[in-house]
1. Hey, any idea what % of the chain's accessible area is carbon plus sulfur with a 1.4 Å probe?
2. All other residues with a Cβ under 11 Å from the Cβ of residue 94 taken together, and with Lys, Arg as +1 and Asp, Glu as -1, what is their net charge?
3. Taking a threshold of 18 Å on the Cα-Cα distance, which of the pairs 137/173; 27/173; 70/137; 27/233 fall above it?
4. Suppose all protein chains stay in the model; what accessible area per residue would a 1.4 Å probe give for the range 57-104, in Å²?
5. Which distance in nm do the two modelled labels at residue 56 and residue 9 give, with both placed 7 Å along the Cα-to-Cβ direction?
6. How far apart, in nanometres, would the label points at residue 89 and residue 133 be if each is projected 7 angstrom from Cα along the Cα-to-Cβ direction?
7. Antiparallel as a % of all DSSP beta bridges within the chain, to the nearest 5?
8. List the residues whose amide H sits under 5 Å from the amide H of residue 152, counting only those 5 or more places along or on another chain, with H placed 1.01 Å from N in the peptide plane.
Amino acid sequence: MKRIRIGPEERVFVLTGAGVSAESGLKTFRDQGGLWEGHRVEDVATPEAWAENAARVWRFYSQRRRDALKAEPNVAHRSLAAMERALGERFFLCTQNVDDLHERAGSRRLVHMHGELFASRCEFSGAGMGAFACAAKPFHDEALYESDAAIARCACGGRIRPHIVWFGETPLKMNRIEREIAQATTMLVAGTSGAVYPAASFVNWAEPQARRIYIGPEEPANAGSFTQIVLGKAGEVLPELFEVG
Ligand code: OAD
């Protein structure tokens, strides 16, 4: 494998998806045997599903919490944390993953654009609530809620929901993400099928002269937007691919 050199003036923007946590034993969404096989996405990850059956939504995310608590960061997470230590402020990581394995591996300059598994918030807080918004902030939460009676309540009376961006909701930190992409000379995308927007279009937001590299065992849906595709598992490719100069 020919190594890619990151020069002293370069800035790297990384986008990760479920494939980066696959080697930690967490299921991906769309792979064979993936997360939606037993649970259809519309049954668990939409505001409509929450309105219809909040306990089912919470049982689903409670199981995800159990799985993530048992998982450990893998070589891919650790390689990205090492790249951040080498590049400092010239590195930025945006993850679609809601698990906390990147930060447990040591990543600090990162955002979770689809929310965080171990955070919860009032159902009336956040974007899109207008005049009815509750001002309560998201909070760290490892609790498991398995029934309607178990679901905690905010001081305003609203139910506590997962701090996850559901389909139809707006991803988080988009201004920061756009700023970082605009400055990047290398865009590295790993372990994501390129099927969910806006993340799938980030590669097209990079400056035209930026390198755009994809790492994963199969081509993503947006393969044509990359300048280089490296087929392989993130945990096997990432430790060898880059050399910081
Ligand atoms: P997907 O399940 O759509 O895609 C996972 C990708 O990881 C596939 O392209 C696999 O080929 C690849 N993959 C599998 N094992 C890998 C490995 N060891 N190394 C590298 N790649 C590997 O997951 P995402 O693209 O992350 O949103 O899904 C995007 C969003 O859709 C998620 O954030 C989630 C989901 O609905 C929310 O929860 C809001």
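1. Numbers: 5970 of 11780 Å².
Roughly 51 percent, rounded to a whole number.
2. Values: positive: 109, 173, 176; negative: 178, 180.
Charge balance near residue 94 sits at +1.
3. On the way: 137/173 15 Å; 27/173 25 Å; 70/137 27 Å; 27/233 14 Å.
Pairs exceeding 18 Å: 27/173; 70/137.
4. Values: 1790 Å² over 48 residues.
Per residue, the range 57-104 has an accessible area of 37 Å².
5. That separation, rounded to one decimal, is 5.6 nm.
6. Each label point is offset 7 Å from its Cα along the Cβ direction, giving 2.9 nm.
7. On the way: 8 of 33 bridges.
Of the beta bridges lying entirely in the chain, close to 25 percent run antiparallel.
8. When sequence neighbours closer than 5 places are left aside, the close amide H contacts are 160.
The values are calculated or read from the model by the stated rules, or taken from the named source; none is laboratory data. Predicted model only: the values in this text are computed from it and were never measured. Using ideal geometry, Cβ is built from the backbone for each residue, glycine included, and neighbour counts are taken over all protein chains shown. Only protein heavy atoms, including side chains, enter the accessible area calculation; ligands, DNA and RNA are left aside. Shrake-Rupley method; radii C 1.70, N 1.55, O 1.52, S 1.80 Å.
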